[in-house]
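Have a look at the structure below, then the notes.
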Amino acid sequence: MNYSKGSQNIITDEFQMIRLSEGYCLINALCYEWKEIKDPKLFDLPEIVRNDVRITDMNILSTPDALYRISQFKDLKVNGKVVYPHLICGIDYRFLTSDIAEALKKNRFRDIHFAWDLRYSDQKRIKTAIKLLDIAGYKSWIFQYS
C-alpha cells in the first residue's frame, strides 16, 4: 500500500480536499500513518476555492498549533458564502479540550465524529468529549461515530 505523503490540495467540482499536517497520528497499531511518517510536518493552508473543505489529517488536534489551524477557517468565504471544513478522519477525543471544541464550532467545522479505535474502557472519556462538544453548541444527535 502506498501512503499519500506531503501536502494535499485536490479540487473537484464539489469540494476541496487538503492536508495541513502529516505524521501527528499517535503511535497506534490501527493508524497507518504512524508506520509511514517518521518526521511530522505542518503545511500551510492552501488557497481555498470551495465552500466544502475536507481535511485529511490523521490527527490535527495533536499538532502543536491545533487552535491556530482550526481558526484559519474563521473568516474564509468563497463566492460570498462561508467555508465549511470537515475533518474526514475524525477527531481524537484524547486531545479535545473546551477551547478546541469551541473553536471547531466557531469556525463552522461540521459532521464531527470520533476516531475511536482504542479501548472500550475509554467510553467515559468519549462521553466527556461529547459533553464538551455539546457545551460548544454541537448537538449530540448529529455526532457520527467511526
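The values are calculated or read from the model by the stated rules, or taken from the named source; none is laboratory data. All of these numbers come straight from a predicted model, not from anything done at the bench. In this analysis, Cβ positions are derived from the backbone assuming ideal geometry, glycine residues included, and neighbour counts consider all displayed protein chains.
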Extreme residue, surrounded by the fewest Cβ atoms within 10 Å (Cβ to Cβ), among residues of region 62-81 that are in a loop (DSSP other than H, G, I, E, B) and of a type in the set (D, E, K, R) = Asp75
Region 8-37, residues that are modelled with pLDDT of 85 or more, over 15 Å from the mean Cα position of the chain (by Cα) and assigned to a loop (DSSP other than H, G, I, E, B) = Thr12, Asp13, Glu14, Phe15
